[in-house]
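For reference, the structure discussed in these notes is given below.
The values are calculated or read from the model by the stated rules, or taken from the named source; none is laboratory data. Note that the structure is a prediction, hence the values are computed from the model and not measured. Positions of Cβ are backbone-derived with ideal geometry, glycine not excepted, and every protein chain shown enters the neighbour counts. Surface areas here come from the heavy atoms of the whole protein model, side chains and all, with no ligands, DNA or RNA. Shrake-Rupley method; radii C 1.70, N 1.55, O 1.52, S 1.80 Å.
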Amino acid sequence: MKRYLCIDGGGTYVKYAFINEDGSFLRQGKYETPRTDLDEFLSKIRELYLQDPDISGIGFSMPGIIDIEAGVIKAGTIRCCTGIAFTDTVSRLCGNLPVSLENDGKAAAAAEMVSGALSDAESGVILTLGTGIGGTVFINRKIVRGNRLFAGELSYCYRHNELLFDPADPIMDKDDRGARYASLCTPGGIVARYNQLSGKKLKAADCPQVFAGMREGNEHARHAVREAAKDLAMLIFNIQCIIDPDAFAIGGGLSEQEIFIDMVREAVKAYKPADLDLCPLPDIRTCRYRNDANLLGAMYRLKEKYDI
């Protein structure tokens, strides 16, 4: 049976897995993302390859604007990997193996669309909540990429217009990120709210501590999680009104918290107009593959590209 090395490069961690062609995971792990040192990033990939040089190929899921045919990351949070012939470079370091590249949100979408939570949907939206929001739309079972490869970049959608800039200056101040959904309904957004309320100094990776505090009755923690759920519910309802998909699936780190998904389902009810029966209530599901969706989707893209 063929084996593949699949790698999901996140803004905080790089996750990896050796996966059989039937989709079963042999072993997996993670390490902190080298975001600014390309040599370090590539050397770790080569170390993984050397653990099993008989693999048939390497599939990547990465954040950012990605040209999947050229194998180039045009823009993304892992800045050291942008603007280079990424797949060609990795291939040279790893025995000239076939290497594929896919946007992280679209990799998750491929996994959930093919065999996961949205396998029964003709149209759907996957929201992967991690360092940012990886978003993917598919219609008639085809992923929508957009004319400039920007479709689904939900991290850049704005929640409100309280921006810190001079109204007379048409160029926004750089500190406008607090208005974006990516700064509000992600692990980092939850932790930032909690820190503001509690005076703590937790990091985004400490988000599970906030959920633990909520379960123990901490009101600051409950408020932070509840507000993030309300923000995500607003984003989902707005998308429902624009493209009317069959269903949504939530993945990424926050999908591990069932209580958060339940809070989003409850919150979205408040946005449905009481006087408009035709307005549908969004069908919100949890990604089947949870935090592994990106890895499995990277494998699907690799097999599709090279027929291996």
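Some notes on this structure:
- In degrees, nearest ten, helix 219-243 long axis to first principal axis of the chain (Cα): 80
- Fully extended contour minus Cα-Cα distance, from residue 88 to residue 274, at 0.36 nm per residue: 61.5 nm
- Degrees between helix 104-115 axis and first principal axis of the chain (Cα, 0 to 90, nearest 10): 80
- Where labels lie 7 Å past Cα in the beta-carbon direction, separation of residue 96 and residue 206 in nm: 5.1
- Computed [θ] at 222 nm, deg cm²/dmol, the chain (DSSP H ≥ 4; -39,500 (n - 2.57); rounded to nearest 500): -11000 deg cm²/dmol
- Candidates 154, 101, 50, ranked by Gaussian network fluctuation over the chain, Cα under 10 Å, top entry: 50
- Gain in span if fully extended, residue 244 to residue 307, counting 0.36 nm per residue against the direct Cα distance: 19.3 nm
- For the chain, the share of accessible area belonging to carbon and sulfur comes to 49 percent (1.4 Å probe, ligands and nucleic acids excluded).
- Selected from 256, 227, 47 as most flexible by GNM, with the chain as the system and alpha-carbon contacts under 10 Å: 47
- Listed values [x] 39, 21, 17; [y] 32, 22, 20; [z] 31, 26, 17, entry calculated as semi-axes √(5λ) of the Cα gyration tensor in Å: [y]
- For the pair the stretch 120-135 / the stretch 14-45, the C-alpha centres are spaced 22 Å from each other.
- For residue 281 and residue 40, the difference between the fully extended length at 0.36 nm per residue and the C-alpha to C-alpha distance is 82.1 nm.
- Residues of the stretch 87-116 with amide N under 16 Å of the 7 Å Cα→Cβ point at residue 157: 105-106, 109
- In terms of distances greater than 21 angstrom between alpha carbons, the cross-link table entries 230/272; 30/305; 2/142; 106/305; 30/200 yield 30/305; 2/142; 30/200.
- At R0 = 22 Å, FRET efficiency that the Cβ-Cβ distance of residue 2 and residue 50 yields, to 0.05: 0.75
- Going by accessible surface with a 1.4 Å probe and the largest first, 210, 137, 144 read 144, 137, 210.
- Only Lys, Arg, Asp and Glu carry charge here, each on its Cβ (+1 for the first two, -1 for the last two); on that basis the stretch 42-143 has a dipole of about 300 debye about its Cα centre.
- Alpha-carbon centroid distance for the pair the stretch 233-262 / the stretch 61-77, whole angstrom: 24
- Cross-link partners for residue 269 among the aspartates and glutamates, with Cα-Cα distance under 20 Å and sequence neighbours closer than 8 places in the same chain left out: 227, 231, 244, 246, 258, 277, 283.
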